[in-house]
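In what follows, a structure is listed as structure tokens, so that the remarks can point back to it.
The values are calculated or read from the model by the stated rules, or taken from the named source; none is laboratory data. Note that the structure is a prediction, hence the values are computed from the model and not measured. Glycine also receives a Cβ, built like all others from the backbone with ideal geometry; neighbour counts cover every protein chain displayed.
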């Protein structure tokens, strides 16, 4: 359950295999109305002028009675840029779905049809641990500005609606249950003129709905007979989804509608309590009570240890366990050669010395309980994937596990199952994350503590030398603390030494002036947990300072000459989400050439907005100048209403970083 879903975007492959994928002869596409003369004549989208294309009709027909979903799309190409939509990609999960009944055509402005009769290819687009995502790929013919393209396909699902929801009367329902009936992502990257979404649901359980940002013009119709329940949702003029940097996950922003079966359902909180109780039954069996774990707890704990000292010892012990969740992909042959046995309980994790991230967390809980602590798993929604939505009864939101331990009157939240994660720190996506405490007696919804800015610190120290021709060279040390170190270390698990070197060098090089060269000298503490990651570099920056007669014009900031305000747009649609709060510190000493002295330095800069803080100082220091810079963002989430202030703050930071110092050559230096 550790970060499922996020791994879907890690690796993209380009291996192809041809398939006919059920192509059929020319016929009308399902659920699409007839094309009108107005559709053929359309030159632009009046609701969004200049759009590359527009979706004229988007139809999704979900049929739970036979386990299929039919998707039909009609797109009008309005600009040359829109011709890219002729390349159609139909993603699907190999183990869950089968794609069939693919139809496609191009329609010229005069109404002439060109049916797609070429091959459809299979492309593996994601390959991650236990996950395979593929796509059917095709390219429509003769697509020009003014063309209409249409395609449709059917997904056949291998999983059927459970009998509990088909025949709830046959079960003794003592809890709240919900099961997805339809999950419709309505908003696309193109404007949708009209969308129709239809669910044919099995009878037996009532259908509940959940909407995100549903427009006011949406019309829902419900029908039912003895064999099927039907829900139909119609929408007009759905705006294209806007991509913005530093936004929350798309799942929390895009217009969507989800339908689900509900049994014993009173309210969402009751549903989550039921989820927690059901998981508690299974996880408590895995945690169990074990003499071997009790002996290990006794071995680790010393008389007089405080609660924190005990927990830190348990934490360090379980982090010695091999965490297979963080290992790279293995071939079937490699898996067989390892012959890793199935782990049935926490004692197995301890005795075998390996386990998944969740199993390691459960071993920690077993040790803590053996010492008398009140400790439970907590299932949360990773903020890499989506923010937890309390009103949406779908337990697939809970894709990560942490540990909650009661100490005195407070709870400590830990994640020993994540490699390199220090005690007391949660990975950023599990901090300020919603979820449920898995307790069979007192299950409840909780929000984990937000990380502090001091939990994520990056520091750059530089000792540099300026030449009379304006070139800059010297040594730079970068220290990564907390979240910064954890992120770097976890990324490095998927990299070899060459890739690690490249990432570090490119990261620093991107902050320097054009033409700079960066060489990594050494790195310390890749495999550590409680010490900062340290990288040392040698850099050369030609033409850093510009020569103007007897003067050298020196940028005040070495590392920010190419920075731009990330929030320069005059408008903002989505909230701002940085992932985690953070602090950045720099101390740069630049030794001046002989005979060069400081003529003028920019004034100190200070901007303290509470949640955003910036300071910059440039001072003469003997035959050198010394720059100190601090940037602190103490919140990770800002509302749209706060965008204007945040934009102004970063504009002032950019202006301050772009200032210059003036150096003057003495007569002696000039004569040389």
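For beta carbons closer than 7 Å, sequence separation of 6+ or different chains, a first residue in the stretch 252-278 that is more than 15 Å from residue 388 (Cα to Cα) and a second that is part of a helix (DSSP H, G or I), the qualifying pairs are 261/165; 263/164; 263/165; 263/168; 265/271. For the stretch 651-672, a residue qualifies if it is modelled with pLDDT of 95 or more, assigned to a helix (DSSP H, G or I) and in contact with a strand residue (DSSP E or B) (Cβ under 8 Å, 6 or more places away or on another chain), and the qualifying residues are 652, 653, 656, 657. Among the residues making up the stretch 169-193, those that are within 30 Å of residue 48 (Cα to Cα) and in a strand (DSSP E or B) are 182, 183, 184, 185, 191, 192, 193. Select from the stretch 131-146 the residues that are under 23 Å from the mean Cα position of the chain (by Cα) and free of Cβ contacts under 8 Å to residues at least 60 places away in the same chain and write down the one among them that is surrounded by the most Cβ atoms within 10 Å (Cβ to Cβ). Out of the qualifying residues, it is 134. Of all the residues in the stretch 510-527, those that are outside any loop (DSSP other than H, G, I, E, B) and within 31 Å of the chain's Cα centre (by Cα) number 6. Among the residues of the stretch 333-350, those identified as touching a residue at least 12 places away in the same chain (Cβ under 8 Å) and surrounded by fewer than 19 Cβ atoms within 10 Å (Cβ to Cβ) are 340, 344.
Scanning the stretch 264-311 for residues that are part of a loop (DSSP other than H, G, I, E, B) and in contact with a strand residue (DSSP E or B) (Cβ under 8 Å, 6 or more places away or on another chain) yields a count of 2.
How about the stretch 316-349: which of its residues are under 30 Å from residue 297 (Cα atoms), at pLDDT below 95 and part of a loop (DSSP other than H, G, I, E, B)?
Step one: filter the stretch 316-349 for residues under 30 Å from residue 297 (Cα atoms), giving 316-327, 338-349.
So of that shortlist, the ones also at pLDDT below 95 come out as 324-327, 338-342.
The answer is 327, 339, 340, 341, 342.
Does the stretch 110-130 include one or more residues that are buried (at least 17 other Cβ atoms within 10 Å of the Cβ), touching a helix residue (DSSP H, G or I) at 6+ places or on another chain (Cβ under 7 Å) and at pLDDT below 95? Yes: one or more hits.
This table checks each residue for (1) under 23 Å from residue 96 (Cβ atoms); (2) outside any strand (DSSP E or B).
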residue	(1), (2)
156	yes, no
195	no, no
201	yes, no
217	no, yes
220	no, no
231	yes, no
245	no, yes
257	yes, no
261	yes, no
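Residues that are out of contact with any helix residue (DSSP H, G or I) (no Cβ under 7 Å at 6 or more places or on another chain) and either touching a residue at least 24 places away in the same chain (Cβ under 8 Å) or not assigned by TED's automatic domain parsing to the domain that holds residue 598 (or both) within the stretch 632-647 comprise 635, 636, 637, 639, 640, 642, 643, 645, 646, 647, listed in sequence order. Check the stretch 496-507 and report whether any residue there is in a loop (DSSP other than H, G, I, E, B) and more than 15 Å from residue 475 (Cβ to Cβ). For the stretch 496-507, residues in a loop (DSSP other than H, G, I, E, B) and more than 15 Å from residue 475 (Cβ to Cβ): present.
Are any of the residues in the stretch 141-157 modelled with pLDDT under 95 and over 25 Å from residue 260 (Cβ atoms)? Yes: the stretch 141-157 contains one or more residues that are modelled with pLDDT under 95 and over 25 Å from residue 260 (Cβ atoms). Here residue 203 clears all of (1) without any contact (Cβ under 8 Å) to a residue 60 or more places away in the chain; (2) out of contact with any helix residue (DSSP H, G or I) (no Cβ under 9 Å at 6 or more places or on another chain); (3) surrounded by fewer than 20 Cβ atoms within 10 Å (Cβ to Cβ) except the condition numbered (2).
Looking only at strands (runs of 3 or more DSSP E) that lie completely in the stretch 24-105, which have at least 2 residues being under 28 Å from the mean Cα position of the chain (by Cα) and surrounded by fewer than 18 Cβ atoms within 10 Å (Cβ to Cβ)?
By residue number, 87-93.
Taking the condition free of Cβ contacts under 8 Å to residues at least 40 places away in the same chain and in contact with a strand residue (DSSP E or B) (Cβ under 7 Å, 6 or more places away or on another chain), does residue 353 pass? Yes: the conditions hold for residue 353. Picking from residues in the stretch 148-187 that are crowded, with 20+ Cβ neighbours inside 10 Å and touching a helix residue (DSSP H, G or I) at 6+ places or on another chain (Cβ under 7 Å), the one that is farthest from residue 83 (Cα to Cα) is 176. Across the stretch 620-641, the number of residues qualifying as part of a helix (DSSP H, G or I) and buried (at least 18 other Cβ atoms within 10 Å of the Cβ) comes to 0.
Quick test of your reading of the structure: residue 394 fulfils all but one of (1) in contact with a helix residue (DSSP H, G or I) (Cβ under 9 Å, 6 or more places away or on another chain); (2) under 19 Å from residue 269 (Cα atoms). Name the failing condition by number. Evaluating residue 394 over (1) in contact with a helix residue (DSSP H, G or I) (Cβ under 9 Å, 6 or more places away or on another chain); (2) under 19 Å from residue 269 (Cα atoms) leaves (1) as the failure.
Restricted to strands (runs of 3 or more DSSP E) entirely inside the stretch 528-612, those with at least 2 residues that are assigned by TED's automatic domain parsing to the domain that holds residue 511 and free of Cβ contacts under 8 Å to residues at least 60 places away in the same chain are 533-541, 605-608. Of the listed requirements (1) within 26 Å of residue 415 (Cβ to Cβ); (2) in contact with a strand residue (DSSP E or B) (Cβ under 6 Å, 6 or more places away or on another chain), residue 470 misses just one: (1). Residue count for the stretch 613-629 under the criterion of being free of Cβ contacts under 8 Å to residues at least 12 places away in the same chain and under 30 Å from the mean Cα position of the chain (by Cα): the result is 0. Among the residues of this structure, residue 446 does not count as one that is closer than 22 Å to residue 356 by Cβ and either surrounded by fewer than 19 Cβ atoms within 10 Å (Cβ to Cβ) or without any contact (Cβ under 8 Å) to a residue 24 or more places away in the chain (or both).
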